[in-house]
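The values are calculated or read from the model by the stated rules, or taken from the named source; none is laboratory data. As the structure is a computational prediction, the values presented were derived from the model and not from experiment. Virtual Cβ from ideal backbone geometry, glycine too; neighbours counted across all protein chains shown. Only protein heavy atoms, including side chains, enter the accessible area calculation; ligands, DNA and RNA are left aside. Shrake-Rupley method; radii C 1.70, N 1.55, O 1.52, S 1.80 Å.
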Amino acid sequence: MHRAFCWLLAAFLALAAPSAFSANLGAADLAPLVRGLGAGSYADTEKALAGLAETGDPAVVPVIEALQAGDLHIRKADGAVVVAKRAGNGYALTDPLTGAALGEADRNAVEKIRINNALRRTISATLGALTLMSPDANTRRQAAEAVFKSRDANALDALNMALAKETDERVRRAMTQARASVLLAGDASDADKIAAVDVLKERGDQDALALLNGTANSVSNGGSDAVKDAATKAIASVEQRLALWGAAQNLWYGLSLGSVLLLAAIGLAVTFGVMGVINMAHGEMVMIGAYATFLVQEAFRQWAPGLFDFSILVALPVAFLVSGAVGVAIERSVIRWLYGRPLETLLATWGLSLALQQAVRSIFGPTNREVGAPSWMSGAFELGGLTITYGRLWIVVFAFLVFGALLVALRKTWFGLSIRAVTQNRSMANAMGIRTARVDALTFGLGSGIAGLAGVALSQIDNVSPNLGQGYIIDSFMVVVFGGVGNLWGTLVGALALGGVNKFLEPYAGAVLGKILVLIFIILFIQRRPRGLFALKGRAVEA
Amino acid sequence: MLTRFFLMGLDKKAGVLLTVLAVLAVAVPVMALGTAPDSPWHLSTHTVALLGKYLCFALLALSLDLVWGFVGILSLGHAAFFTLGGYAMGMYLMRQIGSRGVYGNADLPDFMVFLNWTELPWYWHGFDQFWFAAIMVMVVPGLLAFAFGWFAFRSRVTGVYLSIITQALTFALMLAFFRNDMGFGGNNGLTDFKEILGFDIQAASTRVGLFVATVVALAIGYILASAVVASKLGKVLIAVRDAESRVRFLGYETDRYKLFAWTLSACMAGVAGALYVPQVGIINPSEFSPASSIEAVIWVAVGGRGTLAGPVLGAVLVNFGKSYFTAALPELWLFALGGLFVLVTLFLPKGILGLAAQLRERLPARATVTAKPADQKGV
């Protein structure tokens with residue numbers, strides 16, 4: 001526990017050290033203090049340690065770490081304190097403060113600085129205190145979080161000291177919580193403990209709940225009834241709060257899944273909904289988009305690794321064009337002969353999907369391809385009790401952007417006007433001078449291109465393999481059929497509803513059963529409303 | 001009377017097909033059992049099982065053609081009925097293993113012992129009797145089809161929508177059967193069968209017996225289907241395919257006709273699955289996958305939908321091609337299958353059997369008809 005705690009702190013500090021190097025003292029001033037560590041007796045070492053701790057300089061942390069790990073040695077020749085690591089027969093020496101190499105030494109030329117248990121405790125406390133005092137606010141907060149988890153009573157003094165000096169509000173909160181956690185674990189007074197319970201109630205997450213549960217159930221811990229009462233009340237409040245956040249988390253997951261479904265289905269809504277063409281190769285258009293992303297990223301890795309963060313942005317138009325071009329080719333070569341025969345179209349496009357999968361498998365191999373995430377899409381942030389990854393967030397944003405763009409394109413552009421005209425009355429549109437065959441090809445290309453865009457997004461969260469598309473085709477059809485064919489809003493509502501229902505069922509029924517229930521629900525729903533949620537009315541229905 | 005009902009549907013094609021089946025039913029046993037293993041006429045057990053598998057697929061294709069070719073219902077989930085029939089038979093075969101399993105438990109199949117189950121789930125009871133399993137092979141798919149069709153046809157779900165929900169049905173079943181706690185062996189399905197009706201399932205004679213049973217089942221299925229199609233009921237079915245609303249306006253309750261054909265078809269598919277399992281030796285949830293249902297559709301399309309003999313031919317040809325390609329040129333098989341889908345739908349809308357008629361129609365037509373009917377894209 002002890003050791004782990006110190007290592008945690010040390011690791012945090014090592015990360016933060018370069019930025020935190022606003023040393024109060026130069027390396028030259030620290031050197032005599034370091035030298036004092038090797039003065040001889042344990043008492044001397046402890047005194048030197050205290051001196052080092054007083055400086056509050058992060059630069060001394062590696063020295064104390066080395067002491068803790070037993071790497072700190074005295075060079076017999078001049079009494080200098082060095083870090084010695086085994087190298088072959090002898091030791092490789094480095095300066096503990098600057099890390100500069102000091103050459104090698106024979107095994108007999110150095111002597112290890114010994115530490116005992118009392119000293120070990122002091123070392124941990126010192127390390128804790130040093131990181132809690134670090135000039136970098138993030139380091140301090142992380143140190144406080146580490147104390148919160150370790151509940152190390154030795155850190156209490158350091159914590160109190162740091163708390164007195166702390167000015168940053170967030171760090172202060174973290175330290176207060178850490179202090180509460182330590183107090184509850186130890187034998188503090190009832191008043192202190194009740195105050196600590198309040199602090200934890202304020203925090204209100206799973207960790208706090210675990211601590212409070214421990215407090216409420218502790219008998220051996222000398223827990224008095226007052227403390228237990230306070231803890232029980234706090235638990236109720238925290239649980240309620242957690243349930244609320246849990247619902248919010250489900251909502252977010254649902255939104256996230258819904259936006260993925262929306263991305264996958266929206267291209268289908270164009271080809272199936274607007275044109276009445278069943279495109280079973282739609283999933284393969286998504287897959288082609290994902291592979292286009294892979295190729296663009298490879299190109300960036302090859303020629304412009306520094307600009308890798310922009311590769312996704314470049315991949316978007318590339319994927320759109322590649323998938324769109326494949327779509328236009330399919331429409332011109334196969335589908336245009338099959339208009340008005342939806343079931344035949346279904347079979348032909350299924351055949352195409354098999355051929356496309358095999359083609360990609362032959363070219364790129366059957367294994368998953370590595371598609372990286374740009375830095376602005378990796379990582380996560382916390383919103384209250386929610387953890388939101390940037391990747392998912394961007395996909396949600398992206399799905400809605402694509403949806404909006406498609407809506408605008410269909411409503412406000414000449415191309416969109418032609419599409420709608422051909423959809424509503426083909427011969428009349430033809431008579432008005434719209435080249436229907438070309439509109440057909442471009443509409444199919446548009447639907448496929450959007451599938452390609454979906455591929456770019458899905459490459460970030462799914463395996464890029466020849467089977468990528470297959471996993472989405474059934475879901476996409478369900479969304480379009482559920483939402484109502486020929487209606488983009490229906491697709492939006494369908495995707496979000498199915499995503500949400502799926503994620504809310506998952507905690508109760510498990511992922512697989514949840515999915516089965518959703519499928520059964522759709523089958524039953526189609527019986528009630530055979531044309532989907534938002535059915536087209538009037539003449540268009542007869543299509 | 002009944003004989004006339006069954007015989008009236010048989011035409012010249014049927015005669016050819018039934019003759020071929022009869023020859024197979026005699027020749028294959030003779031070649032497999034009556035010849036020396038080194039004779040050029042000898043059929044290995046493997047080949048017999050392979051031929052039996054093709055004929056099971058042929059029966060599945062036939063059942064699919066009954067609904068697609070004659071009622072116009074494109075089912076993308078017929079493999080679900082096939083697989084359910086297979087599971088019913090597989091459950092019987094599992095119970096026949098008895099205490100010869102790895103764990104030696106006389107009552108529970110191995111996978112249940114492995115999952116620490118202590119007693120047989122209720123739906124496994126009765127499957128130790130062959131007659132019960134044989135009934136269930138038809139009843140389970142039939143009931144599912146009846147319930148599904150009852151709802152779907154009554155609410156007038158048609159065309160593409162129906163196809164998509166049949167696909168959802170088989171997909172949901174696949175996910176369900178993959179679950180261990182369903183009690184059907186999860187991922188691994190049912191396998192390691194030992195004997196059927198007391199005969200060793202690996203023995204050459206058993207294999208030949210199963211093959212003959214398949215031939216007989218296919219012949220019966222064919223005669224039944226052609227009888228149905230040729231009857232007055234069949235005329236109504238074809239009318240439903242061509243103009244459902246008109247038939248309804250004439251006073252026929254089209255839902256019932258469709259439901260009958262649909263349920264009958266599911267039962268036939270179930271029998272096909274039941275015969276398939278002992279010959280292949282395993283049944284697992286991947287048989288439910290939408291892809292296998294769609295593959296069955298292409299057998300029908302290749303042979304010729306609406307011809308009954310066509311699907312049988314199509315299933316055998318495509319599966320023979322599959323066996324050949326996946327062994328010789330595995331890379332090319334999906335290209336070939338995909339290309340087949342595209343070419344058949346584009347150039348052979350009536351399949352191989354319709355090819356001759358198609359050519360006959362087209363040759364003189366080219367001279368007389370100059371303009372094709374107006375653009376039918378109609379939206």
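Distance from the Cα centroid of segment B:329-354 to that of segment B:15-85 is 21 Å (rounded to whole angstrom). Less than 5 angstrom separates the built amide H of B:GLU195 from those of B:ILE201, all sequence-distant by 5 or more or on a different chain. Can you flag which of A:LYS85/A:LYS165; A:LYS233/A:LYS503; A:LYS165/A:LYS201; A:LYS47/A:LYS149 are past 28 Å Cα-Cα? Over 28 Å Cα-Cα: A:LYS85/A:LYS165; A:LYS233/A:LYS503; A:LYS47/A:LYS149. Around the Cα centre of the protein assembly as shown, unit charges on the Cβ atoms of Lys, Arg, Asp and Glu (plus for the first two, minus for the last two) sum to a dipole of about 3780 debye. Take segment B:11-359 with all the other protein chains still there, run a 1.4 Å probe, and you get 40 Å² of accessible area per residue. Working note: 222 nm ellipticity from helices only, DSSP H runs with n ≥ 4, each -39,500 (n - 2.57), summed and divided by the residues of the protein assembly as shown, gives -23000 deg cm²/dmol to the nearest 500. Protein-only accessible surface at a 1.4 angstrom probe places the residues B:GLU361, A:GLU54 in the order A:GLU54, B:GLU361, largest first. Using a 1.4 Å probe over protein heavy atoms, the accessible area lost on pairing B with A, summed over both chains, comes to approximately 4100 Å².
Geometric descriptor of chain A, per residue, is 212 Å³ (volume of the convex hull of the Cα atoms). Amide H contacts under 5 Å for A:ALA380: A:TYR390, restricted to partners 5 or more places along the chain or on a different chain, H placed in the peptide plane at 1.01 Å from N. A:VAL371 sits among other residues whose Cβ lies under 15 Å from its own Cβ, and their net charge, with Lys and Arg +1 and Asp and Glu -1, is -2. Counting charges near A:LEU30 (Lys, Arg +1; Asp, Glu -1) among other residues having Cβ under 14 Å from its Cβ returns a value of -3. In this calculation the C-beta distance from B:ASP200 to B:ASN180 is compared with R0 = 25 Å, giving a FRET efficiency of 0.25. Stretching A:LEU295 away from A:ALA137 to a fully extended chain increases their span by 52.7 nm, per 0.36 nm per residue minus the current alpha-carbon distance. Inter-label distance, B:PHE6 to B:ALA36: 4.2 nm, where each label sits 7 Å from its Cα along the C-beta direction.
Each of B:MET31, B:LEU64, B:LEU210 was scored by the projection of its Cα onto the charge dipole of chain B, and the greatest displacement toward the positive side belongs to B:LEU64; charges sit on the C-beta of Lys, Arg, Asp and Glu. Against the main long axis of the alpha-carbon atoms of chain A, helix A:414-424 sits at an angle near 60°.
Which net charge results for the neighbourhood of A:ILE434, defined as the other residues with beta-carbon distances under 12 angstrom from its beta-carbon, given Lys and Arg at +1 and Asp and Glu at -1? Result for the local shell: +3. Hey, which aspartates and glutamates would be in cross-link range of A:LYS412, C-alpha to C-alpha under 20 Å, not counting anything within fewer than 8 residues on its own chain? Cross-link targets: A:ASP440. Quick one: grab the alpha carbon gyration tensor of segment B:11-359, order the square roots of its eigenvalues as a ≥ b ≥ c, and give me rounded if a/c is under 1.5, else prolate or oblate depending on whether a/b is larger than b/c. It comes out oblate by the Cα gyration axes.
Treating r as the C-beta distance of B:SER155 and A:LEU244 and R0 as 56 Å, the FRET efficiency rounds to 0.90. Projecting the Cα atoms of A:ALA429, A:PHE398, A:LEU316 onto the charge dipole of segment A:246-542 (Cβ charges, centred on the Cα centre) puts A:ALA429 farthest toward the positive pole.
On the protein assembly as shown, 62 percent of the accessible area sits on carbon and sulfur atoms, based on a 1.4 Å probe. Note on chain B: with a GNM built from Cα contacts shorter than 10 Å, the maximum mean-square fluctuation among B:ALA274, B:ALA168, B:ALA357 falls on B:ALA357. Whole-Hz Karplus values for segment B:221-227 come out as x, 5, 5, 4, 4, 5, 5 Hz, taken residue by residue from phi with 6.51 cos²θ - 1.76 cosθ + 1.60 and θ = phi - 60°; glycine and proline positions read x.
Charging the Cβ of each Asp and Glu at -1 and of each Lys and Arg at +1, and nothing else, the dipole of chain B about its Cα centre rounds to 1620 debye. Contact order for chain B, expressed relative to its length and based on alpha carbon pairs under 8 Å spaced 6+ residues apart, stands at 31 percent. Bridging of B:LYS194 to lysines at a Cα separation below 27 Å is possible for B:LYS53, once same-chain residues fewer than 8 apart are set aside. For chain A, the solvent-accessible area of protein heavy atoms averages 45 Å² per residue (probe radius 1.4 Å; ligands and nucleic acids excluded). Comparing each chain alone with all protein chains together (probe 1.4 Å, DNA, RNA and ligands left out), the residues of segment A:317-364 losing at least 40 Å² of accessible area are A:TYR339, A:LEU343, A:GLU344, A:LEU346, A:LEU347, A:TRP350, A:LEU354, A:GLN358. Once both labels are positioned 7 Å from their Cα atoms along Cα-to-Cβ, the gap between A:LEU321 and B:ALA356 label points is 5.4 nm. Here the Karplus curve 6.51 cos²θ - 1.76 cosθ + 1.60, taken at θ = phi - 60°, turns the phi angles of segment B:53-63 into couplings of 4, 4, 5, 4, 5, 4, 5, 4, 4, 4, 5 Hz, with x standing for Gly and Pro.
Taking label points 7 Å from Cα along the Cα-to-Cβ direction, B:VAL16 and A:ILE520 give a separation of 4.7 nm. Between the alpha-carbon centres of segment B:98-116 and segment B:265-327 there is a gap of 32 Å. Do any residues of segment B:162-204 lose at least 30 Å² of accessible area when the full set of protein chains is present rather than just their chain alone, and if so which, with a 1.4 Å probe? Listed by number, the residues meeting the 30 Å² cut-off are B:ILE164, B:ILE165, B:GLN167, B:ALA168, B:PHE171, B:ALA172, B:LEU175, B:ARG179. A Cβ-based charge dipole, computed about the Cα centre of segment A:273-417 with Lys and Arg at +1 and Asp and Glu at -1, lands at about 360 debye. Averaging Cα coordinates gives a centre for segment A:119-174 and one for segment A:429-489; these two points are 55 Å apart. Positive end of the dipole of the protein assembly as shown (Cβ unit charges, origin at the Cα centre): among B:PRO40, B:PRO278, A:ASN108, the Cα lying farthest that way belongs to B:PRO40.
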